[in-house]
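Beneath this line is the structure, given in structure tokens, with notes to follow.
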Amino acid sequence: MNTTNLFSCFGDIIELDLSKWNLDRTLEILKNHNGWKQYNPRKDIKRYGLSVTSLDGGFSGVPDLDSLLEYNKEHNTQLTEKDFTTLTPIVEDIPELANIVELFGSYTHRSHFLRFDAGGFFPHHRDNGKSLPSQNMRIIVPLIDVGGRHLKWIHDGELTKFNAGIAYCVNTTKDHCIFSFTDNCYMLVLNIQSTTSSVQTILNHLAVR
């Protein structure tokens, strides 16, 4: 089964039965971490990234938190999502994150925590929209409730709700956007290579079977 079949059978937002996160502990670690960098520093938008994977296992954000399209043009490189597989130390600090990364192993590509402050947003876009079936799939773990007063996610034209601390496999080839009304809105975004093995891992961890 590939990701096209996965989402066709189980829907565009698939809740997983991975361990619920200790939100207080995780948020305390994230709020005090000094590795946060501007996400896509070419744009003045109130969103920040903390690398889970990078080229060298560090928190420089270069270029994993940049626009790869623009970075490649500027530096005559051909970096893709799959080039960012070296885990950063944040994985060791958060057991729930380590558990997910262990499940997917080397299929975990360019991944990071995101922090939105008030006014931060991602405009309407599609991930891997030109590649069907998609070469990658996204696992999202919101660390605050999404769809309430603080952070909104519109997916394929519909306001979507995510519960804090729950992992979801999300079909981000569909048009989606995110915007924040308050500071310190956190979520984890894992970019997972779509393979027979990684899709089977998703199937093994469906919250509803």
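The values are calculated or read from the model by the stated rules, or taken from the named source; none is laboratory data. Bear in mind the structure is a predicted one, so any value in this text is a computation, not a measurement. No Cβ is skipped: glycine too gets one built from the backbone with ideal geometry, and neighbour counts run over all protein chains shown.
Some notes on this structure:
- Matching strands (runs of 3 or more DSSP E) fully within the stretch 107-209 where at least 1 residues are more than 19 Å from K43 (Cβ to Cβ): 136-142, 151-155, 158-160, 168-170, 185-193
- Of all residues making up the stretch 140-194, the number that are of a type in the set (D, E) and either touching a Pro at 6+ places or on another chain (Cβ under 6 Å) or in contact (Cβ under 8 Å) with a residue 24 or more places away in the chain (or both): 3
- Just one of the numbered conditions (1) out of contact with any Lys or Arg (no Cβ under 9 Å at 6 or more places or on another chain); (2) surrounded by 18 or more Cβ atoms within 10 Å (Cβ to Cβ) is not true of K73: (2).
- Enumeration of residues in the stretch 97-107 that are in contact with a strand residue (DSSP E or B) (Cβ under 6 Å, 6 or more places away or on another chain) and either buried (at least 22 other Cβ atoms within 10 Å of the Cβ) or more than 19 Å from S19 (Cα to Cα) (or both): Y107
- Leading residue by the ranking (surrounded by the fewest Cβ atoms within 10 Å (Cβ to Cβ)) among those in the stretch 85-94 that are of a type outside the set (A, V, I, L, M) and without any contact (Cβ under 8 Å) to a residue 40 or more places away in the chain: E92
- Filter result (among the β-branched types (V, I, T) and modelled with pLDDT under 95) within the stretch 197-209: V208
- Unmet requirement for G119, which otherwise passes all of (1) on the phi < 0 side of the Ramachandran plot; (2) in contact (Cβ under 8 Å) with a residue 60 or more places away in the chain; (3) surrounded by fewer than 16 Cβ atoms within 10 Å (Cβ to Cβ): (1)
- Unmet requirement for S54, which otherwise passes all of (1) buried (at least 19 other Cβ atoms within 10 Å of the Cβ); (2) polar (S, T, N, Q); (3) in contact with a helix residue (DSSP H, G or I) (Cβ under 9 Å, 6 or more places away or on another chain): (3)
- Number of positions in the stretch 159-175 that are surrounded by 19 or more Cβ atoms within 10 Å (Cβ to Cβ) and farther than 17 Å from D145 by Cβ: 4
- Some residue of the stretch 155-173 being more than 13 Å from the chain's Cα centre (by Cα), under 26 Å from P63 (Cβ atoms) and at pLDDT below 95: yes
- Meets criteria (aromatic (F, W, Y), surrounded by 13 or more Cβ atoms within 10 Å (Cβ to Cβ) and more than 19 Å from V101 (Cβ to Cβ)) for W36: yes
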